[in-house]
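Chemist: Sharing a structure below in structure tokens format, with a few things to ask.
The values are calculated or read from the model by the stated rules, or taken from the named source; none is laboratory data. Keep in mind the model is a prediction, meaning the values are calculated, not measured. Every residue, glycine among them, receives a Cβ derived from its backbone with ideal geometry; neighbour counts consider all protein chains shown.
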Amino acid sequence: MPATLPAARIRTQLMVPLRFADGYSTTARVFTFDGLVDRREHLAFGLGDRAGALASVGHRGRPPLVRPHSECLTGDVFGSQRCDCGPQMREAVERIAEVGGFLLYLRQEGRGIGLYAKLDAYALQDAGMDTYEANLALGYSADERDYTAAAQMVHALGLTRVALLSNNPDKAAQLSRLGVVVTERVSTGVHLSAANARYLATKARRGAHRLDVPPAGPHTQGLAGGA
Ligand SMILES: [Zn+2]
């Protein structure tokens, strides 16, 4: 762990059975933390054969699969079709549960600008801007997310090496700088819907995300004002 990164520690841990809208269910060991630098209430969800995954640290086995997921109230909870956060989280939980690892639920809504500002940005997008331009117009940077607390959580959980479930190169870069050894990046699927096609295309183009978004086809036409 870098000397500049304050240590966090596990505050509580408890089992929570999960059941998603499509019927998929699993059980998570939920961790809370003391000492996170931004004082937000971030959570870690230990999924699958967590003990086996942890035991593989330092051995030849694959390190635990870890996904840092930034909170998106509209997508995660209400199923908003303007983004792909809900399906991304649902996919991540199942994939991590299969191999063992952690989903880090990070309370940095709207790429770190907050819920109201995210909705303000949506309004600007409805007027023709893309998601990045809208953030800039509101006085924010294109992406204000910071993974310092995520790195603290990884260290507090005793993980030294992780396989990172993410299409976002910035997550891997920030975590590496914070002393987390990312042994591989595992891509998530593309959750394309009519309403989020434009959002995903922008994310791929502007954020250098590793997404194979198909060109606009019959099912994405006429939706320029969507995501
Ligand atoms: Zn979202």
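Chemist: Picking from LEU175, LEU157, which residue would you name as being within 15 Å of the chain's Cα centre (by Cα) and at pLDDT 80 or above? Reasoning before the result, please.
Modeler: Working: LEU157 fails: within 15 Å of the chain's Cα centre (by Cα).
Among LEU175, LEU157, only LEU175 is within 15 Å of the chain's Cα centre (by Cα) and at pLDDT 80 or above.
Chemist: Do we have any residue at all in segment 42-49 that's modelled with pLDDT under 95 and either crowded, with 21+ Cβ neighbours inside 10 Å or away from the ligand (no atom under 16 Å from the Cβ) (or both)? I'd like the intermediate steps shown before the answer.
Modeler: Initial filter on segment 42-49 (modelled with pLDDT under 95): 48-49.
Checking which are either crowded, with 21+ Cβ neighbours inside 10 Å or away from the ligand (no atom under 16 Å from the Cβ) (or both) leaves us with 48-49.
Yes, because at least one residue in segment 42-49 is modelled with pLDDT under 95 and either crowded, with 21+ Cβ neighbours inside 10 Å or away from the ligand (no atom under 16 Å from the Cβ) (or both).
Chemist: Name the residues in segment 50-68 that are closer than 20 Å to ASN168 by Cα and either modelled with pLDDT under 95 or away from the ligand (no atom under 16 Å from the Cβ) (or both), would you?
Modeler: Answer for segment 50-68, where residues must be closer than 20 Å to ASN168 by Cα and either modelled with pLDDT under 95 or away from the ligand (no atom under 16 Å from the Cβ) (or both): PRO63, PRO64, LEU65, VAL66.
Chemist: Given the conditions (1) within 13 Å of the ligand (Cβ to nearest atom); (2) more than 30 Å from TYR24 (Cα to Cα), report the number of the one that ASN135 does not fulfil.
Modeler: (1)
Chemist: OK, next. Six or more apart or on different chains, Cβ atoms under 7 Å: show the pairs whose first residue is in segment 81-92 and closer than 16 Å to LYS203 by Cα and whose second is near the ligand (Cβ under 7 Å from one of its atoms) and assigned to a loop (DSSP other than H, G, I, E, B).
Modeler: CYS83/CYS72; CYS85/CYS72
Chemist: Test VAL162 against the stated conditions and say whether it is touching a Ser or Thr at 6+ places or on another chain (Cβ under 8 Å) and more than 21 Å from ARG82 (Cβ to Cβ).
Modeler: Numbers: touching a Ser or Thr at 6+ places or on another chain (Cβ under 8 Å): yes; more than 21 Å from ARG82 (Cβ to Cβ): yes.
Yes.
Chemist: Which ones in segment 69-102 are within 14 Å of the ligand (Cβ to nearest atom) and closer than 18 Å to VAL16 by Cβ?
Modeler: Of everything in segment 69-102, those that are within 14 Å of the ligand (Cβ to nearest atom) and closer than 18 Å to VAL16 by Cβ turn out to be HIS69, GLU71, ASP76, VAL77, MET89, ARG90, ALA92.
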